[in-house]
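Colleague: This is the structure I have questions about; it appears just below.
The values are calculated or read from the model by the stated rules, or taken from the named source; none is laboratory data. Predicted model, so just to flag it, every value in this text is computed and none were measured. Backbone-built Cβ (ideal geometry, glycine too); neighbour counts: all protein chains shown.
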Amino acid sequence: MDIDEDYDTEQSDYGDIPIVESPHSGPDEDHENWSDVSTVELDLSSNRLEPNMDDVPVPSENTFDVTLPAAHSYLGQNLEELRGRTILDDGIYINLPLLVKQSVLFPGQTLPMTVFGTQTIEMLQTCIQNDRTFGVVCYGNPDMERIGTTAEIYEYTDGGIWLDHGRREFRLKAKGRQRFKILRIITQDNNKISANVKVLPEITLEPPFLDQRLASLDHLRISVDSEEDMKKQERVENLDAAVTAWPAWVYRQYDPIRLSFRIRQHLQFLETRGGSVPKNPIDLSFWVAQNILMDHNERLMLLTYDCAISRLQREIKYLVEDKIYVCVNCEAFIGRQSHMFPMNKEGPQGTYVNPGGVIHETITFYHVQGVVLNNSDPSTEYSWFPGYAWTIAICKGCRHHVGWKFTAVQSNLRPKEFWGLTRRSLKNKDLKVKKKK
Ligand SMILES: [Zn+2]
């Protein structure tokens with residue numbers, strides 16, 4: 001598969017130290033001058049975790065308007081808004097222009113983009129004139145990369161912006177919509193890729209007891225909002241199961257309501273910090289895939305599943321215990337799942353683009369470790385979080401670019417500071433496995 005021009009831009013930023021072409025990029029020089037801002041030292045040699053890490057207080061006050069990052073105002077205020085919504089019929093075959101990205105786009109996820117290549121700009125302009133929809137596919141396991149997600153453009157810069165150095169720039173915001181499978185790639189002019197695709201249906205299965213249930217017990221059924229409700233429901237389900245060939249616990253593994261309830265319980269810490277976790281099992285399954293740090297192949301695998309139940313079953317294992325995040329390059333400890341908090345109404349992970357066109361899926365934390373800052377002044381230019389200035393943060397162990405520290409420039413803004421780490425610089429490490437070492 002050929003790679004579009006835009007992908008080349010991203011590729012150049014994916015090495016050890018990203019190129020410095022713009023704000024929100026990585027460090028370039030003068031490594032000796034990094035100032036150490038980490039407050040708690042971690043003994044990396046023994047992989048030992050500080051016992052008192054949980055003592056770090058959660059920011060108690062948040063005066064930041066979490067709808068602002070989701071608006072991506074750094075892309076400018078003069079974007080044209082597109083009205084309407086394209087819903088493609090399940091199972092239809094269509095030709096779709098494609099963009100290849102480094103990360104998976106999930107339905108429901110916002111994708112801001114800054115594009116420079118003439119051919120890609122033309123492709124996107126043609127899209128806007130038609131049904132506003134293009135396809136996003138992702139590099140990864142060859143068996144799985146034939147699955148992608150449609151993206152629908154909802155705002156764009158009309159005609160593109162000509163930059164001082166003669167390069168043309170086109171900005172847009174799109175939303176992930178429906179999954180598709182590539183049947184045949186059609187390549188034109190080396191760079192333009194389109195494909196004949198099949199739009200994949202989302203299979204919705206009702207709770208497994210729905211058809212098997214004893215109607216005489218219907219008056220005892222309630223909607224589940226608490227652990228107590230869940231226990232009450234289980235007693236009723238045990239009676240339902242008694243007249244079937246299987247015990248109740250088998251059915252429960254396939255119950256979308258129960259799976260959603262369990263996952264939302266594990267995510268309660270985000271809700272207490274102002275986050276909003278979807279209730280609908282389908283929305284929740286994609287939300288978790290977007291917001292919780294998982295390996296790249298794991299996310300690709302989730303995109304291949306046709307049903308929320310399968311996705312939720314796979315996702316729950318990421319939530320049953322607190323995961324720790326390490327540097328993708330040197331495996332130094334960086335942060336933990338329980339220190340995430342939402343600074344974007346869409347969740348603790350937001351997808352943002354820098355002026356160089358590089359897309360960073362950024363997870364916000366109120367506390368990180370093993371990270372140092374460069375000594376440049378904090379900058380508000382192109383800030384993804386209006387009111388906050390950013391400073392580049394690198395891994396203390398290997399100096400790999402991991403993200404940014406954001407500090408409030410207005411005195412009344414809370415939290416006063418937080419961290420945004422880019423997904424591509426982090427990976428999961430199982431806490432249990434580490435303890436055994
Ligand atoms: Zn590192």
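Colleague: Here are some residues: ALA389, ALA393. Which one is farther than 25 Å from GLN268 by Cβ, in a strand (DSSP E or B) and within 16 Å of the ligand (Cβ to nearest atom)?
Modeller: Result: ALA393 is the single residue among ALA389, ALA393 that is farther than 25 Å from GLN268 by Cβ, in a strand (DSSP E or B) and within 16 Å of the ligand (Cβ to nearest atom).
Colleague: What about ARG48, is it modelled with pLDDT under 90, part of a loop (DSSP other than H, G, I, E, B) and within 17 Å of GLU155 (Cα to Cα)?
Modeller: Judged against the criteria, ARG48 is not a match.
Colleague: Check off (1) under 19 Å from GLU206 (Cβ atoms); (2) part of a helix (DSSP H, G or I) for ALA289 and give me the number that stays unchecked.
Modeller: With (1) under 19 Å from GLU206 (Cβ atoms); (2) part of a helix (DSSP H, G or I) applied to ALA289, the lone miss is (1).
Colleague: Only residues that are more than 16 Å from the ligand (Cβ to nearest atom) and surrounded by fewer than 21 Cβ atoms within 10 Å (Cβ to Cβ): list them for the range 368-386, please.
Modeller: Correct list: ASN375, SER376, ASP377, PRO378, SER379, THR380, GLU381, TYR382, PRO386.
Colleague: Now for a different question. Are any residues in the range 223-261 surrounded by 11 or more Cβ atoms within 10 Å (Cβ to Cβ) and farther than 21 Å from ILE316 by Cα, and if so, which ones?
Modeller: LYS232, ARG235, VAL236, GLU237, ASN238, LEU239, ASP240, ALA241, THR244, PRO247
Colleague: Further question on the same structure: Pairs please, first residue from the range 111-137 and under 19 Å from ARG168 (Cα atoms), second anywhere and surrounded by fewer than 18 Cβ atoms within 10 Å (Cβ to Cβ) and basic (Lys, Arg), Cβ atoms under 7 Å, 6+ apart in sequence or on different chains.
Modeller: Hits for this filter: PHE116/ARG167; PHE116/ARG168; THR118/ARG168; ILE121/ARG168.
Colleague: Taking ARG171, is it among the charged types (D, E, K, R), modelled with pLDDT of 95 or more and not in a helix (DSSP H, G or I)?
Modeller: No.
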